[in-house]
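The values are calculated or read from the model by the stated rules, or taken from the named source; none is laboratory data. Predicted, not measured: the structure shown is a model, and the values here were computed from it. So basically every Cβ, Gly included, is an ideal-geometry build from the backbone, and we count neighbours across all protein chains shown. Side chains included, ligands, DNA and RNA excluded: accessible areas come from the protein's heavy atoms. Shrake-Rupley method; radii C 1.70, N 1.55, O 1.52, S 1.80 Å.
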Amino acid sequence: MTASIQFAIRWGAYPLVFGGCAAAMIWLLHAGIAQGLGSVGVVAIGLACVALMERVQPFHRDWWHDRGDTLTDILHSLVNLSVIQITASLVAPALADAVPASLRLFPRDAPLWLQLLIVALVFDFGLYVMHRASHHVAWLWRFHAAHHSAKRLYWLNGERRHPLHAAIMAGPGLLVLLASGVAPAVLATWLSILTVHLAFQHANIDYRLGGLRSLIGAAELHRWHHKREFEDAQVNFGEFLLIWDRLFGTFHAGRERVGVDAVGLLDRQFPLTYWQQLRYPFRSL
């Protein structure tokens, strides 16, 4: 592989692929077709690009190899991505439109970029609060542990979540936005953008964000959150933005590389299969 390709992936992967997908989905929003096959296609292209770049320029070559987790991650992704699509296309429109116009606090008449920014901030703050709580409240951790059980980090880990915990994580932000009367298309657009970001956040790609590494929760700093030592995992909770971590004292910007065997759980006996992981929170009560 040439030095120019390495450079292009290292510095261009996130701005070009994620930025391009985000721009395409914002265009669909402006065109009035944010909810449908168009956004699904853009997300699929974004995920495929992330998966391809992992093969070209991995952060750890050993993370290419299956550790008894690939099928589990595929099932997690299929279930959670389906739930996101159903929420965006069916549930959100029904609930948002149920709020009487006189009670809507969300500024639907504001420019679309401002509406999208409000959705991003509200939803992301809710995710931060619930993510951090999930590391400190025992019963929430039992649901969240599946996400941290991954012994390697790669693009499918972004959706390696117990579906009930995914709902718990997203619940506060969604409730606030839906109760305020958010425009369903704006919410759907942000959920699609976030899906591509989460693949990058866990990607096994040697890429950088430069000056944005302290603001956006990409893989460079998120890998620290997945370190096996529990005390090291109490950092960088932000799903998209790291401003919450900076505000509330959970930000960590380690410069050294996270080791190939440094991620996962201290509990080496955590179940590997999808169905066992679904049952785990209830069996350990």
Principal axis box of segment 219-271, alpha-carbon based, largest edge first, Å: 35, 22, 18
Quick one: which residues, 5 or more positions from Ile216 or on another chain, have an amide H under 5 Å from its amide H? H modelled 1.01 Å from N in the peptide plane, none for Pro or chain starts. Leu242
Give the average over all directions of the projected area of the C-alpha convex hull of the chain, one decimal, in nm². 15.0
Return one whole number: the accessible area per residue of the chain in Å², for a 1.4 Å probe. 45
Keeping all protein chains in the complex and leaving out DNA, RNA and ligands, what accessible area do you get for Val122 with a 1.4 Å probe, in Å² to the nearest 10? 50
Residues meeting the amide H criterion for Val263 (H placed from the backbone, H to H distance under 5 Å, 5 or more places apart or on another chain) are Arg228
For the Cα atoms of the chain, what angle does the longest principal axis make with the long axis of helix 274-283, in degrees from 0 to 90, nearest 10? 80
Around Pro281 (Cβ within 14 Å, Cβ-to-Cβ, excluding Pro281; K/R +1, D/E -1) the net charge comes to +3
How much accessible surface does Ile86 have with a 1.4 Å probe, in Å² rounded to 10? 90
In whole angstrom, how far apart do the alpha carbon centroids of segment 33-85 and segment 234-285 sit? 19
In sequence order, what are the phi-derived ³J(HN,Hα) couplings for segment 2-14 according to the Karplus relation 6.51 cos²θ - 1.76 cosθ + 1.60 with θ = phi - 60°, rounded to whole Hz, with x for glycine and proline? 6, 4, 5, 5, 4, 5, 4, 5, 4, 10, x, 3, 5
Against the longest alpha carbon principal axis of the chain, how many degrees, from 0 to 90 and to the nearest 10, is the axis of helix 112-134 turned? 50
If one takes the longest principal axis of the Cα atoms in the chain, at what angle in degrees, from 0 to 90 and to the nearest 10, does the Cα axis of helix 37-56 lie? 20
Over segment 70-155, what lengths in whole Å, largest first, do the semi-axes of the equivalent ellipsoid take, defined as the square roots of 5 times the eigenvalues of the alpha-carbon gyration tensor? 31, 17, 13
Phi to ³J(HN,Hα) by Karplus 6.51 cos²θ - 1.76 cosθ + 1.60 over segment 264-273, Hz, x for Gly, Pro: x, 10, 5, 6, 6, 9, 4, x, 9, 7
Looking at segment 1-139 from every direction and averaging, what is the projected area of its Cα convex hull in nm²? 12.1
What helix-only [θ] at 222 nm does the chain give? Using -39500 (n - 2.57) per DSSP H run of at least 4, over all residues, to the nearest 500, the answer is -18000 deg cm²/dmol
Which whole number of Å³ per residue matches the convex hull of the alpha-carbon atoms in segment 189-250? 89
Whole-angstrom gap from segment 109-131 to segment 148-212, using each part's C-alpha centre: 13
